[in-house]
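A.B. asks: One structure follows; several queries about it will come next.
Read-outs: derived from the displayed coordinates by stated rules, not from any lab. Keep in mind the model is a prediction, meaning the values are calculated, not measured. All Cβ positions, even for glycine, are placed from backbone atoms using ideal geometry, and neighbour counts span all protein chains on display.
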Amino acid sequence: MNMTDPLGDMLTRIRNGQAARKDSVVSPASRLRTNVLDVLQREGYIRGWSREDKAGGPPTIRIELKYFEGQPAIRELKRVSKPGRRVYSGAKDLPRVRNGLGITIVSTPRGVLSDAEARAENVGGEVLCQVF
């Protein structure tokens, strides 16, 4: 069955895995998903991720979740731009999450970046999700 929002599916798997206190979750692989995971790892919200290629099956991504003192590193993970309503923002108008305590992940012409990186490079784009 086709998925209408693959990135939203991966974010939901991360939320559900952390709610169940799992060490890792598995999601189908795609370039957008791996780029978003790179940003999450750079910003310290996940321990890491690895691509797993299985013979005769589609490639998957194993995402290693991160906890601090028994609590998930990600308190809130929200999809902003959805298939039914795309949300775009300029470099100067990028939304701040909880006064800069969280990050916004943006798909720009220079790749998938956090809001701080996008402001530093002065590029805007599609606002994918917000993490706190």
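A.B. asks: Which value, in Å to one decimal place, does the Kirkwood hydrodynamic radius take for the range 36-132 when every pair of different Cα atoms is included? List each step's numbers first, then the result.
C.D. replies: Numbers: mean 1/r = 0.0690 Å⁻¹.
About 14.5 Å for the range 36-132.
A.B. asks: Now, a different point. Which aspartates and glutamates does Lys92 reach when only Cα atoms under 18 Å apart count, and residues fewer than 8 places away in its own chain are ignored?
C.D. replies: By straight Cα distance, Lys92 reaches Asp115, Glu117, Glu121, Glu126.
A.B. asks: Something else about it: So which residue, out of Gly48, Gly102, Gly56, gets the largest mean-square fluctuation from a GNM of the chain using Cα contacts under 10 Å as springs?
C.D. replies: Highest fluctuation among the options: Gly56.
A.B. asks: Under 18 Å Cα-Cα from Lys78, which lysines qualify once same-chain neighbours fewer than 8 residues away are excluded?
C.D. replies: Reachable lysines: Lys66.
A.B. asks: Before anything else, pin down the relative contact order of the range 1-72: Cα pairs under 8 Å, at least 6 apart, normalised by residue count, whole percent. Walk me through the numbers before you get to the answer.
C.D. replies: On the way: 83 pairs, mean separation 23.0, N = 72.
The normalised contact order for the range 1-72 reaches 32 percent.
A.B. asks: Stretched out fully, how many nm does the piece from Arg21 to Phe132 gain, at 0.36 nm a residue minus the Cα gap? List each step's numbers first, then the result.
C.D. replies: Details: separation 111, 0.36 × 111 = 39.96 nm, distance 1.76 nm.
The span from Arg21 to Phe132 would gain 38.2 nm if fully extended.
A.B. asks: For a label point 7 Å from the Cα of Asp5 along Cα→C-beta, name the residues of the range 91-131 whose backbone N is under 11 Å from it.
C.D. replies: Answer for the range 91-131: 129.
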